[in-house]
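Since the structure comes first, as structure tokens, the remarks are kept for the end.
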Amino acid sequence: MSLAHRSTILSPSLTLGIDSKAKAMKAEGLDVCSFAAGEPDFDTPDHIKQACIAAINAGMTKYTPSAGIPELRQAISAKFKADNDLDYPASQIIVSNGAKHSCLNAILACVGEGDEVIIPAPYWLSYPEMVRIAGGEPIIVQTSEENGWKMTADEFQDAMSPRTKMVILNSPGNPTGAVYTKEELEELGEVALSEDILILSDEIYEKLTYDDVKHVSIASLSKELYNLTITVNGFSKAYAMTGWRLGYLGAPEHIAKAIDAIQSHSTSGCTSFAQKGALAALTGDQSPLEDMRSEFDIRRQYMVDRLSKIPKVTLVVPQGAFYVLANISGFGLTSTNFADKLLSKHHVAIVPGIAFGDDRTVRLSYATSLDVINKGLDRFEAFCKEL
Ligand SMILES: Cc1ncc(COP(=O)(O)O)c(C=O)c1O
């Protein structure tokens, strides 16, 4: 029995794979320093957990409307207005099982067989696979360190063809930590508007920016851009809620309706009581978020400082998310070779850039304690000296 074509063209998530390998080595008793994590190492704030527990105790254990409970969609609508200057009424908001699911839903609703989707690299590794699941073709635009790992309007323009349907923007970005400025988004927006290209704007790391950098939502820049954009966000990174599997999107009405139809026939919506936790996250005390962000910032500066001093390693200082992307091409190894050797010889787990479409780089996550960062970087440095 042969499998459907779509399942034969996908590769398993390399980041999740490396994380499991590091965990397995730890379970064997090895002292592994892991920089592979894609999730905050903080616990979900207590008031969020309590709201969820209260919901279970109150018997909120049944199906909810597939697009999400009305009070959560309302709170997301208010959040979009307050934080992003975006007018998405609750009816245009769909709550899904993580921002990953929101992205997939958006792509399934908009991208068809043979459509091209422009993705700047280094990219979050699921985007090209999602496009392939939908029958589309990912068109990768290689960005450069010189431009801060950001796609320029010219690069975007050059990648367009009559089949271009969508562009995916991710700011703050994983794995680069790059944050697009308002002016850069305006320039990209002009290119998208010239050919009515849909924009999937993944803003999951919105709350994690540093150096007074301001996150801007491209959909807020004009009515025309609003009409072309699907804005994705979620609870995983901002509120340390990765295991809750809750994300959301705001979209023009006809797109939101199409996504709701897809979701109603696939997951029937999200876990009922988890949505009450998400509501508490948005409406409750925001100070745990700021505490987490400040801690990330300390680690970011430490990691950047140490990596910058290693001969042959170059990097762009990340302004968002919780990753540093280091260029290790000066050592003459592929990113996979570099990462494999570092893990087996020095027990340090990192993600090879090939997973993100850039074999010159490796990604180090600082979503781990300063102690681990310190020890891991000592080993990283020793490894680089040996090469
Ligand atoms: C850029 C980006 N978008 C979306 C996600 C998925 O987040 P969620 O846990 O909400 O599905 C991730 C997670 O690593 C990410 O890095």
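The values are calculated or read from the model by the stated rules, or taken from the named source; none is laboratory data. As the structure is a prediction and not an experimental result, all values here were calculated from the model. When we count neighbours, we look across all protein chains shown, and the Cβ atoms used for this are built from the backbone with ideal geometry, even at glycine. Note: areas computed on protein heavy atoms with side chains; ligands, DNA, RNA excluded. Shrake-Rupley method; radii C 1.70, N 1.55, O 1.52, S 1.80 Å.
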Q. Out of curiosity, is Leu279 assigned to a helix (DSSP H, G or I), closer than 30 Å to Leu387 by Cβ and not polar (S, T, N, Q)?
A. no
**Q.** Asp115, sole failed condition from (1) under 29 Å from Pro162 (Cβ atoms); (2) within 16 Å of the ligand (Cβ to nearest atom)
**A.** (2)
**Q.** Only one of Asp196, Asp202 that is crowded, with 20+ Cβ neighbours inside 10 Å and acidic (Asp, Glu)
**A.** Asp202
(Q) Looking at segment 100-114, I want the residues that are in contact (Cβ under 8 Å) with a residue 60 or more places away in the chain and have a partner that is surrounded by 24 or more Cβ atoms within 10 Å (Cβ to Cβ) and part of a loop (DSSP other than H, G, I, E, B) with Cβ atoms under 8 Å, at least 6 apart or on another chain. Which pairs are those? (A) Ala106/Ala251
Q: From (1) more than 23 Å from Cys270 (Cα to Cα); (2) surrounded by 16 or more Cβ atoms within 10 Å (Cβ to Cβ), pick out the condition that doesn't hold for Pro40.
A: (1)
Q. Just checking, how many residues over segment 17-36 are touching a residue at least 12 places away in the same chain (Cβ under 8 Å), surrounded by 12 or more Cβ atoms within 10 Å (Cβ to Cβ) and not acidic (Asp, Glu)?
A. 9
Q.
What pairs come out if I take residues in segment 147-161 that are closer than 12 Å to Gly189 by Cα and of a type in the set (Phe, Trp, Tyr) and pair them with residues that are open to solvent by less than 30 Å² (accessible area, probe 1.4 Å) and not in a loop (DSSP other than H, G, I, E, B) whose C-beta lies under 9 Å away, six or more apart or interchain?
A. Phe156/Ile118; Phe156/Pro120; Phe156/Val141; Phe156/Val167; Phe156/Leu188; Phe156/Val191; Phe156/Ala192
Q. When you go through (1) under 30 Å from Thr152 (Cα atoms); (2) open to solvent by 40 Å² or more (accessible area, probe 1.4 Å) one by one for Pro65, which number turns out not to apply?
A. (1)
Q | Matching residues in segment 75-107 - criterion: being away from the ligand (no atom under 16 Å from the Cβ) and under 12 Å from Gln275 (Cβ atoms) | A | Ala75
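Please find, among Ala51, Ala55, Ala75, the residue that is under 19 Å from Ser102 (Cβ atoms), open to solvent by less than 60 Å² (accessible area, probe 1.4 Å) and small (Gly, Ala, Ser).
Details: Ala51 fails: under 19 Å from Ser102 (Cβ atoms); Ala55 fails: under 19 Å from Ser102 (Cβ atoms).
Answer to the check: Ala75.
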Q. Can you pull out the residues in segment 330-381 that are free of Cβ contacts under 8 Å to residues at least 60 places away in the same chain, assigned to a loop (DSSP other than H, G, I, E, B) and of a type in the set (Val, Ile, Thr)?
A. Thr334
Q. Among the residues of segment 231-244, is any more than 13 Å from the ligand (Cβ to nearest atom), more than 13 Å from the chain's Cα centre (by Cα) and part of a loop (DSSP other than H, G, I, E, B)?
A. no
